[in-house]
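J.: Pasting a structure below so you can have a look.
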Amino acid sequence: MSADAPAVPPLERILLRLPNWLGDVLMARPALHALRAAHPGAEITACGPRGLLELVAPEALWQREEPLPGAPGLAGRLRAARFDAALVLPPSFSSAWLAFRSGARRRAGFAHEGRSPLLTDAVRRPARGDLHQSREYLRLAGTLGAPEVAVPELRIGAGAAAEATALLVRAGLDERPFAILAPGAVYGPAKRWSAERFVRLGSQLAGRGLAVLACGTAAERETCDTVAAAIGASARSLAGATTLPVQAALCGRAVVTVSNDSGLAHLAAARGGPTVVVFGSTSSAWTAPLGARVRVVQRAPVCSPCFARDCAIGYACLTAVEVAMVADAARELVA
Ligand code: SF4
């Protein structure tokens with residue numbers, strides 16, 4: 001057992017507060033699997049955004065779900081469950097407050113001014129990038145006696161796989177190998193490699209016989225539509241057209257996924273697909289996607305990482321990433 005996982009008597013009822021963002025949930029998978037393995041007999045209640053619960057449900061890591069935003073009476077239902085422990089993965093005050101109100105005897109979460117008194121196990125977080133975020137989550141799980149275990153590729157359900165097939169058939173691509181491009185990033189422009197470079201890359205991939213799917217959320221539809229239209233007849237925009245499980249199924253079938261540092265990159269990596277990720281203002285040491293076939297392309301200037309959403313000095317971190325660098329990374333990864 002690692003030094004991060006002290007002996008803890010078996011827990012019978014655990015509240016698991018998931019992170020609120022796709023990438024964070026996927027970086028938390030090592031902690032989620034560790035918790036399940038350390039307490040195989042425990043009834044675990046997962047509380048988090050409905051779409052993220054749906055995505056991770058096929059992994060069978062919990063028995064009960066409480067989607068957020070919570071239905072009326074959430075705190076009362078949690079109190080009635082009489083939890084032995086709560087693992088609180090988001091750093092927010094509200095998540096610690098909910099765990100406190102649940103009455104869980106032990107409450108493990110990141111220490112932070114204002115919320116540490118609500119926790120029994122407040123774990124200090126290192127400076128951003130000193131430790132990969134997945135290991136920060138593992139430290140939290142370790143306080144509840146959960147040492148690291150091997151993590152499989154993200155599972156998807158049969159329904160999502162069938163929906164992905166139907167989507168490809170409707171798009172006229174059922175037999176054709178395809179690449180996925182993810183040119184959006186909700187965070188802000190300091191995470192977005194230019195759409196024009198995605199178009200040049202996508203055109204190269206199309207020239208090698210691949211269909212190209214420009215994927216993202218409904219909010220990224222304009223960018224995805226523009227990229228797909230500029231690539232031409234080989235490309236389709238699927239922005240906003242998939243649920244997370246269906247997007248995961250598509251990522252698992254793609255020859256390669258090329259993405260900004262966004263949730264979709266984490267999804268492709270978690271499915272085990274070849275994944276190239278362009279980093280801008282953020283730290284790949286902290287939040288590079290987890291997966292066996294991931295390549296980060298980052299050209300960090302001295303100002304990096306600044307974690308900014310916008311840049312006042314010209315986005316040098318992104319403009320330094322040439323199309324050829326990303327294309328070479330994709331080619332090497334697929335080879
Ligand atoms: S300040 Fe530097 S790291 Fe931050 S967005 Fe601008 S170029 Fe990128």
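J.: Just give me the residues in the range 216-269 being more than 25 Å from GLU175 (Cβ to Cβ), among the aliphatic types (A, V, I, L, M) and in contact with a strand residue (DSSP E or B) (Cβ under 6 Å, 6 or more places away or on another chain), in sequence order.
T.: Matches in the range 216-269: ALA265, ALA269.
J.: Also, I was wondering about something else. Which of the residues belonging to the range 44-59 are part of a strand (DSSP E or B) and either surrounded by fewer than 16 Cβ atoms within 10 Å (Cβ to Cβ) or of a type in the set (Gly, Ala, Ser) (or both)?
T.: ALA46, GLY48
J.: Separate question: Any idea which of ARG331, ARG293 is closer than 24 Å to HIS132 by Cα and among the basic types (Lys, Arg)?
T.: From the options ARG331, ARG293, the qualifying one is ARG293.
J.: Within the range 150-198, which residues are surrounded by 14 or more Cβ atoms within 10 Å (Cβ to Cβ), closer than 30 Å to PRO40 by Cα and among the hydrophobic types (A, V, I, L, M, F, W, C)?
T.: VAL151, LEU154, ILE156, ALA160, ALA161
J.: Scan the range 33-40 and tell me whether some residue there is basic (Lys, Arg) and either within 24 Å of HIS132 (Cβ to Cβ) or touching a Pro at 6+ places or on another chain (Cβ under 8 Å) (or both).
T.: yes
J.: OK, next. Enumerate the strands (runs of 3 or more DSSP E) found wholly within the range 244-335, keeping only those where 2 or more residues are of a type in the set (Ser, Thr, Tyr) and closer than 24 Å to ALA160 by Cα.
T.: 256-260
J.: Separate question: Buried (at least 23 other Cβ atoms within 10 Å of the Cβ) and within 16 Å of the ligand (Cβ to nearest atom): is that true of SER304 in this structure?
T.: So SER304 does not fit the description; no.
Here's the yes/no breakdown for (1) within 16 Å of the ligand (Cβ to nearest atom); (2) surrounded by fewer than 24 Cβ atoms within 10 Å (Cβ to Cβ):
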| residue | (1), (2) |
| --- | --- |
| LEU244 | no, yes |
| GLN247 | no, no |
| CYS251 | no, no |
| ASP261 | yes, no |
| LEU267 | no, no |
| GLY273 | no, no |
| VAL276 | no, no |
| GLY280 | yes, no |
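J.: Take the range 154-164 and flag every residue that is out of contact with any helix residue (DSSP H, G or I) (no Cβ under 7 Å at 6 or more places or on another chain) and touching a residue at least 40 places away in the same chain (Cβ under 8 Å).
T.: GLY159
J.: Out of (1) modelled with pLDDT of 95 or more; (2) more than 27 Å from GLY159 (Cα to Cα); (3) away from the ligand (no atom under 16 Å from the Cβ), the odd one out for ALA316 is which?
T.: Single failed check for ALA316: (3).
J.: Only one of (1) within 16 Å of the ligand (Cβ to nearest atom); (2) in contact with a helix residue (DSSP H, G or I) (Cβ under 6 Å, 6 or more places away or on another chain); (3) closer than 20 Å to SER194 by Cβ; (4) not small (Gly, Ala, Ser) is not met by TRP286, so which one is it?
T.: (3)
J.: Quick check on GLU136: is it surrounded by 21 or more Cβ atoms within 10 Å (Cβ to Cβ), of a type in the set (Asp, Glu) and either more than 15 Å from ALA37 (Cα to Cα) or in contact with a helix residue (DSSP H, G or I) (Cβ under 9 Å, 6 or more places away or on another chain) (or both)?
T.: In short, yes.
So that you can scan it fast, the table gives a plain yes or no per residue for (1) within 19 Å of SER194 (Cβ to Cβ); (2) in contact (Cβ under 8 Å) with a residue 24 or more places away in the chain:
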site	(1), (2)
ALA254	no, yes
THR257	yes, yes
HIS266	no, yes
ARG271	no, yes
VAL277	yes, no
THR282	yes, yes
LEU290	no, yes
ARG295	no, yes
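J.: Same structure again: Assess whether ALA195 counts as being modelled with pLDDT of 95 or more and hydrophobic (A, V, I, L, M, F, W, C).
T.: yes
Results for (1) more than 25 Å from MET325 (Cβ to Cβ); (2) of a type in the set (Phe, Trp, Tyr); (3) outside any loop (DSSP other than H, G, I, E, B); (4) at pLDDT below 95, shown as yes or no for each residue.
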site	(1), (2), (3), (4)
ALA127	yes, no, no, yes
ARG135	yes, no, yes, no
GLY142	yes, no, yes, no
GLN204	no, no, yes, no
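J.: Now a separate question. Is there any pair with a first residue in the range 184-200 that is free of Cβ contacts under 8 Å to residues at least 60 places away in the same chain and at positive phi and a second that is of a type in the set (Ser, Thr, Tyr) and surrounded by fewer than 21 Cβ atoms within 10 Å (Cβ to Cβ) whose Cβ atoms are under 9 Å apart and which are 6 or more apart or on different chains, and what are they?
T.: Pairs found: none.
The values are calculated or read from the model by the stated rules, or taken from the named source; none is laboratory data. These numbers were taken from a predicted model, which means no experiment stands behind them. We place every Cβ from the backbone using ideal geometry, glycine too, and count neighbours over all the protein chains shown.
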